[in-house]
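The values are calculated or read from the model by the stated rules, or taken from the named source; none is laboratory data. Just so it is clear, the model here is predicted, and its values are computed rather than measured. Cβ placement follows ideal geometry from the backbone for every residue including glycine, while neighbour counts extend to all protein chains displayed. We work out accessible area using only protein heavy atoms, side chains counted, and drop any ligands, DNA or RNA first. Shrake-Rupley method; radii C 1.70, N 1.55, O 1.52, S 1.80 Å.
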Amino acid sequence: MTSVAFDFAPLLPAGLPAPAARWTGLAKYSFVGGNNDPDQVPVAGLLEAANAVLGREGKTLATYGLASGPQGYRPLREFITTKLKRDAGIGCAADDMLIVSGSLQALDLVNQTLLARGDTVLVEQETYQGALTRLTRLGVNAIGIPLDGQGMRMDALASALSDLKARGVRPKYIYTIPTVQNPTGTIMPETRRAELLRLSQSYGVPIFEDDCYADLIWDGKRPPAIYAMAENGGVIHIGSFSKSIAPALRVGYIVAPWAMLSRMLALKTDAGSGALEQMVLAEYCAPHFATHVPKLTRGLRAKLDTLMEALNEHFGTSPSSRTPRAASFSG
């Protein structure tokens, strides 16, 4: 009897993305994703934190959600609320937050909650590829708003909102990376954030604020988060530890009004994001995050200075370049 490989192709539904290629290993120099500097990962501190928290609370791994509930490990949520208040001006409680598997799951949950095929969203004209890929797969119309040296241009946004309203179209959200924009590295000033909030409220369109790179500003000084400035609850805020600690840990978070968070929680059907990562991060970050990040940014700044010197040495004034105010990665 001849064995013939089973053909799954006729069973696949329409609309699937193209198949992935087999992984062939890391490139020596890769600019594809926002990988961290391996030497800057606080391995010793994470190891110490893992030993401590597992020795103290390891038996709670027997319970889905670690007895902290479906929103994530409570000590981690409490640390993040302290961090957000100190760094971004956000006043929120641990129960206003959902821990997710990196900011990509945050994007998916927000999109699943708000979007249907044929909807319209407004995004920065140059933005995170992962966000655009998801919108394309959902069949959503993404309208790009031009940027300048201070982020999304409010005159262009106002024009787009006015045009859409005239055509009877209400966008589902305005997606922005206001603090260390990807890929431009710009930081939206507070006055422009206030104008963005004014337009959001005037047209009844919520803001989706992606703050994933905000910890990497060289001097540590940043404008308040848009979420912190909002008075009507029309902002969804997401962040992660991918850039500040390590991307492979896959820990992110969503801060949103309960009316939205409860809907996203109902869609998060994975029985909880990785518990061990959450436990270790909470144990490590509470005493060390505030000193780790400045050390990380100093290392990244030194690498940037080397890059800028090399560009100036080999290309002179031929290319147009500027020194960003923070570390930003592609991907």
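Results, tabulated for the structure shown:
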| read-out | value |
| --- | --- |
| Spatial separation of Cα centroids for segment 65-94 and segment 236-285, in angstrom | 9 |
| Ranked order, Asp163, Asp210 - accessible area, probe 1.4 Å, largest first | Asp163, Asp210 |
| DSSP-assigned coil residues among trypsin sites (Lys or Arg not before Pro) in segment 96-144, each with at most 12 further Cβ atoms within 10 Å | Arg117 |
| Anisotropy class of segment 88-203 from Cα gyration tensor, a/c 1.5 cut | rounded |
| Distant-in-sequence amide H partners of Val100 (H built 1.01 Å from N, under 5 Å) | Gly252, Tyr253, Ile254 |
| As computed over segment 45-91, the Cα convex hull volume per residue (Å³) | 84 |
| Carbon/sulfur fraction of accessible area - the chain, other protein chains in place, 1.4 Å, % | 55 |
| Average accessible surface area per residue within the chain, 1.4 Å rolling probe, Å² | 53 |
| Square roots of five times the Cα gyration tensor eigenvalues for segment 132-255, Å | 25, 17, 14 |
| Relative contact order [Cα under 8 Å, 6+ residues apart], the chain, whole percent | 25 |
| Principal semi-axes in Å for segment 188-251 [√(5λ), Cα gyration tensor, largest first] | 25, 15, 7 |
| Cα shape, segment 123-183, gyration tensor, a/c 1.5 rule | oblate |
| Rg and Dmax of segment 1-88, Cα atoms only, in Å | 22.3, 70 |
| Accessible-area order (highest first, 1.4 angstrom probe) of the listed residues Glu48, Glu126, Glu231 | Glu231, Glu48, Glu126 |
| Pairwise Lys count, the chain - Cα closer than 18 Å, eight or more residues apart or different chains | 10 |
| Accessible surface of His314 - all protein chains present, 1.4 Å probe, nearest 10 Å² | 130 |
| Relative contact order, percent, segment 189-298 [alpha-carbon distance under 8 Å, six or more residues apart] | 24 |
| Protein-only accessible surface order, largest first, of Glu209, Glu190, Glu195 at 1.4 Å | Glu190, Glu195, Glu209 |
| Whole-number D in µm²/s for the chain (Stokes-Einstein; Kirkwood sum over Cα pairs; 10 °C, 1.306 mPa s) | 74 |
| Gyration tensor over alpha-carbon atoms, segment 165-320, equivalent ellipsoid semi-axes in Å | 31, 25, 14 |
